[in-house]
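What follows is one structure encoded as structure tokens, with my remarks underneath.
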Amino acid sequence: MTRTTTAAPTLTVSTRILDDPGDVLRHTLRDAPLAFVRSGDGIVGIGEAARFTFSGPDRMRQASAVWRDLVQGAVVDDPVQLRGTGLVAFGSFAFADDSAERSVLVVPRVVIGKRRGKAWLTAVDTTP
């Protein structure tokens, strides 16, 4: 496993209701798109608060352990309490154990989301 960050950072996460941002996909970054959207509802990530990479046959277990540690150490303020609010990560995992491609877990710096007529913004701070 390779971590782009030297250690799992302590994250402070804050989610707040947002006026309707329109189509959430318009907020994706052209060079680094992070999105999970279906039928207009979903989340878009902007920037990177943390990035972790994994490879080999244990990549999923390694990612799971890193995520558990990250969540355990995070301070999350999420009064919105919908799926996709609070601390989230985007992942892309290689299918084959011996793939030359790395599996990646990215915690975005900002998330804009929309679900069931509600919109929100989540900000992730890595300042100790």
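The values are calculated or read from the model by the stated rules, or taken from the named source; none is laboratory data. In this text, all values refer to a predicted model and were calculated from it rather than measured experimentally. Counting neighbours? That spans all protein chains shown, and the Cβs are built from the backbone with ideal geometry, glycine included. Side chains are part of the model used for accessible areas, which takes the heavy atoms of the whole protein and leaves out ligands, DNA and RNA. Shrake-Rupley method; radii C 1.70, N 1.55, O 1.52, S 1.80 Å.
Shown for the chain: the carbon plus sulfur share of the solvent-accessible area, taken with all protein chains present and a 1.4 angstrom probe, equals 51%. Given the -39500 (n - 2.57) contribution per DSSP H run of 4+ residues, what per-residue ellipticity at 222 nm results for the chain, rounded to the nearest 500 deg cm²/dmol? For the chain, the value works out to -4000 deg cm²/dmol.
Only one residue of 18, 36, 127 has its Cα farthest out toward the positive end of the dipole of the chain, where Lys and Arg carry +1 and Asp and Glu -1 on Cβ, and that residue is 18.
The angle separating the long axis of helix 59-73 from the principal Cα axis of greatest extent in the chain is about 50 degrees.
The slack between residue 10 and residue 99, meaning 0.36 nm per residue of separation minus the straight C-alpha distance, is 29.0 nm. Shape class for the stretch 54-128, computed from the alpha carbon gyration tensor (a ≥ b ≥ c): prolate, with a/c not under 1.5 and a/b above b/c. When each of the peptides 105-112, 53-60, 33-40, 85-92 is scored by the mean number of other C-beta atoms lying within 10 Å of its residues, the order from highest to lowest reads 105-112, 85-92, 53-60, 33-40. The Rg/Rh ratio of the chain, with Rg taken over Cα atoms and Rh as the Kirkwood radius over Cα pairs, comes to 0.98. Determine the per residue accessible area of the chain with all protein chains present and a 1.4 angstrom probe, expressed in square angstrom. Heavy-atom accessible area per residue stands at 60 Å².
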